[in-house]
Amino acid sequence: MIQESVVDLRSDTVTQPTAAMRRAMAEAPVGDDAYGEDPTVNALERRTAELFERDAALFVPSGTMANQIAIKIFVLPGQDVICEEQAHIYQFELGMMAAFSGALARPVSAAWGILDWARIRPYIRAAAAGAGRTGLIELENTANLGGGTVYPQDVTDQICEGAREAGVPVFLDGARIFNAAVALGVSPVAITRKFDALMFSLSKGLGAPVGSMLLGSRHFIAEARQIRKMLGGAMRQAGGLAAAGLVALDEGPPRLYIDHEHARQLAAGLAEIPGLGIDLASVQTNIVMLDPTGSGLSAREFAERLATRRVLVKAIAENTVRMVTHCDVDHAGCERALRVAREVVGSVVPPLQQS
Ligand SMILES: *Cc1c(COP(=O)(O)O)cnc(C)c1O
């Protein structure tokens, strides 16, 4: 029997480079980027800056490094960073904002990870005797742990305008900003224009093997280049990676709507399985959040049982499983994931009723 291939829904980072990417990587002209001499890295930085209508851009090895460079630039030691409670910078970056920048996270919780100005405003602290100071507001679009939810543009505009009046910069963790733009049917520049600086990932839905881009003013990017060096993130002949990034910018955005369709396909199918809890309204891009506990399985047990049938999902909390669609999962793969989820839930022996 031919073994069925793995359907890997753990993250959109798991994709293989496409044929065009591998070709471009092999053929890319390269130079030493620490000297600013890699033509392909320079081309990627120029192209990205143009696309987002910014002064300058910087190629960095990861989204985490992009976020931490930005925090280092904007925030003085001891200052607050306001972010949503489920934000990547707060949940997944191992306390680096404190370790590296001396920043104090001020997490604010919001339904599905989507903040608004009314929620943020009370947390802003101006320099007054005895009070701390807010150094930065950070937003995430799409909100990863929020389920890939999208900020309505008027909400981000209002936050950026309020913050400007308060004299606080706003940074966008736009790891999946192209997913947000596709969901809203607008250009990425329209929903990022008002932010002081931003980053996005090449290595998530856009399908590149490695890399993120940081964008901002000329001065911000010059500072960022220095801090990237401090962190050991200045790569040498990185043009091979940048070449894949350039292809990702061509190939990625036009096909993201397919990933969103697949996420809706998964969500609709899962919603019909008794015992699985899902909020269909939160399925706005390529992420599906699922509560399997009504089936008698914890998130970890559910994920383990799917994995034995070659469907990989991620238990991200006691009662939450995350599934992410991407260019290496097709309609048939999603159908198989649904079939396996049905089998797994159907095979749970119900616990004896307490008398
Ligand atoms: C993945 C992710 C990052 C970090 O990117 P890495 O390249 O994995 O370091 C940052 N923010 C969000 C919202 C992400 O989903």
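Once you keep just the Cα pairs under 8 angstrom separated by 6 or more residues, what percentage relative contact order results for the stretch 19-65? Let's see the in-between values first.
Details: 26 pairs, mean separation 9.7, N = 47.
Relative contact order for the stretch 19-65 comes out at 21 percent.
Quote the relative contact order of the chain in percent (integer), defining contacts as alpha-carbon pairs under 8 Å separated by 6+ residues.
Numbers: 720 pairs, mean separation 83.7, N = 355.
Relative contact order here is 24 percent.
Treating only the Cβ of Lys, Arg, Asp and Glu as charged (+1, +1, -1, -1), what charge dipole size does the chain show about its Cα centre? Round to the nearest 20 debye.
On the way: 33 positive and 40 negative charges, 85 e Å.
With only Lys, Arg, Asp and Glu charged at Cβ, the dipole is about 400 debye.
Let me know the shape class of the stretch 13-143, please: from the alpha-carbon gyration tensor, a ≥ b ≥ c as square roots of the eigenvalues, rounded when a/c is under 1.5, otherwise prolate if a/b is greater than b/c, or oblate. Please list the in-between numbers first.
On the way: a/c = 2.54, a/b = 1.95, b/c = 1.30.
Prolate is the answer for the stretch 13-143, as a/c is 1.5 or above and a/b outweighs b/c.
Does the stretch 186-235 come out rounded, prolate or oblate, given a ≥ b ≥ c as the square roots of the eigenvalues of its C-alpha gyration tensor, rounded meaning a/c under 1.5 and, failing that, prolate meaning a/b above b/c? Intermediate results must be reported in sequence, preceding the final value.
On the way: a/c = 3.79, a/b = 1.18, b/c = 3.20.
Oblate, since a/c reaches 1.5 and b/c is not below a/b.
Under 10 Å, Cα contacts only: if you run a Gaussian network model on the chain, which one of Tyr35, Tyr90, Tyr257 comes out with the highest mean-square fluctuation?
Tyr35
State log₁₀ I(q)/I(0) for the stretch 167-211 at q = 0.14, 0.20, 0.28 Å⁻¹ as given by the Debye formula over alpha-carbon point scatterers of equal weight, solvent excluded.
For the stretch 167-211, the Cα-only Debye profile gives -0.35, -0.65, -1.01.
Just how large is the dipole of the stretch 199-355 about the Cα centre, in debye to the nearest 20, putting +1 at every Lys and Arg Cβ and -1 at every Asp and Glu Cβ?
Details: 17 positive and 15 negative charges, 129 e Å.
For this selection, approximately 620 debye.
Would you grab the residues whose amide H sits under 5 Å from the one on Ser11? Only those 5+ places off in sequence or on another chain, please, with H modelled 1.01 Å from N.
When sequence neighbours closer than 5 places are left aside, the close amide H contacts are Val324.
Mind checking the alpha-carbon convex hull of the stretch 155-241 and giving the volume per residue in Å³? Spell out each step's value before the answer.
Working: hull volume 9.7 nm³, N = 87.
Normalising the Cα hull of the stretch 155-241 by residue number yields 111 Å³.
Report the one residue of Gly211, Ile221, Gln91 whose Cα lies farthest in the direction of the positive end of the charge dipole of the stretch 76-224 (charges on C-beta: Lys and Arg +1, Asp and Glu -1; origin at the Cα centre).
Ile221
What number, rounded to the nearest 500 deg cm²/dmol, is the helix-based mean residue ellipticity at 222 nm of the chain, given -39500 (n - 2.57) per DSSP H run of at least four residues and division by all its residues? Spell out each step's value before the answer.
Working: 12 runs with 142 residues, N = 355.
My calculation for the chain gives -12500 deg cm²/dmol from helical runs alone.
Calculate the length of the line joining the C-alpha centroid of the stretch 131-183 to that of the stretch 1-48, in whole Å.
Centre-to-centre distance over Cα atoms comes out at 27 Å.
Which log10 I(q)/I(0) values does the chain give at q = 0.10 Å⁻¹ under the Debye formula, counting every alpha carbon as one identical point scatterer?
-0.64
Can you list the residues, at least 5 places off or on another chain, whose amide H is less than 5 Å from the amide H of Gly277, using H built in the peptide plane?
Asp291, Thr293, Gly294
Please state the charge dipole magnitude for the stretch 262-355, taken about the Cα centre, from unit charges on C-beta atoms (+1 on K and R, -1 on D and E), reported in debye and rounded to the nearest 20.
My answer is approximately 180 debye.
What accessible area per residue, rounded to a whole number of Å², is obtained for the stretch 1-127 using a probe radius of 1.4 Å? Show your work: numbers first, answer last.
Details: 6280 Å² over 127 residues.
Here the per-residue accessible area is 49 Å².
Does anyone have the angle between helix 218-230 and the longest principal axis of the chain? Alpha-carbon axes, 0 to 90°, nearest 10?
70
Name the residue, out of Gln284, Gln86, Gln16, whose mean-square fluctuation peaks in a Gaussian network model built on the chain with Cα pairs under 10 Å.
Maximum fluctuation in the GNM of the chain, among the listed residues, is at Gln16.
Quick one: which residues, 5 or more positions from Ala317 or on another chain, have an amide H under 5 Å from its amide H? H modelled 1.01 Å from N in the peptide plane, none for Pro or chain starts.
So Ala317 has HN proximity to no qualifying residue.
What list of whole percents do you get for P(r) of the stretch 136-179, with Cα-Cα distances grouped in 5 Å bins up to the one holding the largest distance?
Binned Cα distances yield the sequence 6, 23, 29, 23, 13, 5, 0.
Considering Cα pairs under 8 angstrom that are at least six residues apart, work out the relative contact order of the stretch 116-241 and quote it in whole percent.
Numbers: 154 pairs, mean separation 22.6, N = 126.
Dividing the mean separation by the residue count of the stretch 116-241 yields 18 percent.
Counting only protein heavy atoms and a 1.4 Å probe, tell me what percentage of the chain's accessible area is made up of carbon and sulfur. If you can, show how the numbers build up before the last one.
Working: 8050 of 15500 Å².
Carbon and sulfur: 52 percent of the exposed surface of the chain.
At a 1.4 Å probe radius, which order do Arg164, Arg54 fall into by accessible area, largest first? Intermediate values should be presented prior to the final figure.
On the way: Arg164 165, Arg54 40 Å².
Listed by decreasing accessible area, they come as Arg164, Arg54.
The values are calculated or read from the model by the stated rules, or taken from the named source; none is laboratory data. Predicted model only: the values in this text are computed from it and were never measured. All Cβ positions, even for glycine, are placed from backbone atoms using ideal geometry, and neighbour counts span all protein chains on display. Accessible surface is based on the protein model in full, side chains and every heavy atom, while ligands, DNA and RNA are left aside. Shrake-Rupley method; radii C 1.70, N 1.55, O 1.52, S 1.80 Å.
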